[in-house]
Amino acid sequence: MLESAARGLSRYGYGNLVLEQVARDAGYTRGALYHQFEDKEDLALAVLQWVNENWMREVGGPAKDEPDPVAELIALAGGHAVFCRRDVARVVMALRVEFSSQDHPVGREIERISEAGVKRVARLIDAGRRDGSIPPGPPARAVALAFWGTLEGAVIALAGQAPHDELLAARAVAGVLGLDSTPALPSRQGGLEQVATRREDATC
C-alpha cells in the first residue's frame with residue numbers, strides 16, 4: 001500500500017492523488033485503505049516516514065561507515081542518486097514543491113526531514129574544514145543547502161541515465177564543497193570505485 005501511494009504521490013502529487021486508485025494498484029479495496037489510514041494526509045505522512053526509513057537504511061546509514069567527512073558526503077551523494085532511480089523515492093522532492101510555503105502537516109514533515117539532512121551535511125562540512133579536507137568558504141549551512149539543491153537538481157536532470165547519475169552527482173557536490181578532485185564512491189559490491197580524477201578533467 002505504501003509503495004503504491006509513494007508512486008502515486010511522486011507522479012501526480014498530493015492534490016491529484018486518488019485514494020481509490022492507490023488501493024486498486026496495491027490490490028486492496030478502498031475500505032481496506034481506510035481501515036489502515038484515516039485520510040489522504042495520514043497516508044501521505046506514513047509514506048514520508050516509510051521513504052525516509054528506507055533512505056536511512058540504504059543511504060544514510062551506510063554512509064556513516066565511511067572513514068572521513070568527505071568520504072561520507074560523497075557516499076551520501078552517490079547513494080542518493082542510486083536511491084532516486086526508483087520513482088517512489090522521489091516523493092519528498094515532489095511534495096516539497098507542492099507544499100512550498102504552505103503551513104500543512106505534510107509540508108512540516110517534509111521540512112523536518114529536509115532540515116535533518118541539511119544539519120547532517122553542515123556538521124560534516126565543519127568536520128572536514130577542521131581536518132583540512134574541505135577548504136574554507138561560505139557558512140557551512142549555506143554550503144549544505146547548496147549541496148542538497150545541487151544533488152536534487154542533478155538527480156532530476158539525470159533521470160534514466162544510470163550509472164552516470166551516480167558519478168555526476170558525486171562530481172556536482174564535490175564542486176559545491178570546493179574539492180579539487182572527486183574522491184572514490186563506495187562500490188555497490190563492497191570495495192571502492194574511483195569515479196573521477198581531477199575536476200578540471202571532467203567532461204560533465
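Some values worked out for this structure:
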quantity	calculated
Cut-off 15 Å between beta-carbons: net charge of the residues surrounding Lys119, Lys and Arg +1, Asp and Glu -1	+1
Around Pro135: net Lys/Arg minus Asp/Glu count, Cβ-Cβ under 11 Å	0
Net dipole in debye of the chain [+1 Lys, Arg Cβ; -1 Asp, Glu Cβ; about Cα centre; nearest 20]	140 debye
P(r) of the chain over all Cα-Cα pairs, binned every 5 Å from zero, in whole percent	1, 7, 15, 18, 18, 14, 10, 8, 5, 2, 1, 0
Space enclosed by the convex hull of the alpha-carbon atoms of region 1-110, per residue, Å³	100 Å³
Sequence-distant residues sharing a close amide H with Leu185 (under 5 Å, placed H)	Glu193, Val195
Mean residue ellipticity (222 nm) of the chain, computed from DSSP H runs ≥ 4 via -39,500 (n - 2.57), nearest 500	-19500 deg cm²/dmol
Among Gly137, Ala32, Gly61 the positive-end extreme of the charge dipole of the chain (Cβ point charges)	Gly137
Helix 2-12 vs. the chain, principal-axis angle (Cα, 0 to 90°, nearest 10)	80 degrees
On Cα atoms only, tilt of 105-131 relative to the major axis of the chain in degrees	10 degrees
Within-10-Å neighbourhood charge of Phe99 [Cβ basis; K, R +1; D, E -1]	-2
Residues Phe37, Phe147 arranged by fewest to most Cβ contacts within 10 Å	Phe37, Phe147
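Rule-based calculations on the coordinates, nothing more; no lab input. Predicted model, so just to flag it, every value in this text is computed and none were measured. Note that each Cβ is placed from the backbone with ideal geometry, even for glycine, and that neighbours are counted across all protein chains shown.
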